[in-house]
Amino acid sequence: MEDQTQERRRAQRYPIAARATVRRASGETVSATSVNVSSSGILLQVEEPGRFEIGEEVSVELDLPPDHDQPLSVWGVGKIVRLDAQQQAIQLDAGSFHNLKISGAELAAND
């Protein structure tokens with residue numbers, strides 16, 4: 001069974017524990033903690049289980065601690081694809097992982 005789960009995953013997952021804020025289309029926010037993150041999804045430990053539905057579109061923002069004075073901004077939009085009593089999985093449709101200390105000149109060069 002684990003082999004099938006691994007085959008379904010599109011991207012490698014990284015164990016990252018960070019505070020997260022999930023925002024519903026209504027604007028309501030729910031606090032959570034990330035369990036793992038990949039380029040295609042995020043697994044969250046939710047503080048208030050039972051507040052979401054499968055297929056619900058949400059946005060999520062992670063509050064990652066600075067690493068070597070390099071703070072990161074991480075956000076994504078997607079939909080809830082799995083729920084259980086304590087966790088929810090979000091399949092990301094779009095997102096951004098970038099260094100907040102990039103200067104304007106460096107940012108223009110990367111466009």
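Scanning the stretch 12-38 for residues being in contact with a Gly (Cβ under 9 Å, 6 or more places away or on another chain) and within 20 Å of R51 (Cβ to Cβ) gives a total of 0.
Hey, does the stretch 79-94 have a residue that's part of a loop (DSSP other than H, G, I, E, B), modelled with pLDDT of 90 or more and either within 14 Å of V22 (Cα to Cα) or β-branched (V, I, T) (or both)? No: the stretch 79-94 contains no residue that is part of a loop (DSSP other than H, G, I, E, B), modelled with pLDDT of 90 or more and either within 14 Å of V22 (Cα to Cα) or β-branched (V, I, T) (or both). Scanning the stretch 58-78 for residues that are modelled with pLDDT under 70 and either touching a Phe, Trp or Tyr at 6+ places or on another chain (Cβ under 7 Å) or assigned to a strand (DSSP E or B) (or both) gives D67, Q70, L72, S73.
For the stretch 46-56, the set of residues classified as assigned to a loop (DSSP other than H, G, I, E, B) and either small (G, A, S) or within 17 Å of G76 (Cβ to Cβ) (or both) consists of G50, F52, G55, E56, listed by residue number.
Of the residues making up the stretch 28-45, not one is in a loop (DSSP other than H, G, I, E, B) and of a type in the set (V, I, T).
The values are calculated or read from the model by the stated rules, or taken from the named source; none is laboratory data. Only a predicted model underlies this, so the values are computations on that prediction, with no experimental measurement involved. Cβ: placed from backbone, ideal geometry, glycine included. Neighbour counts: every protein chain shown.
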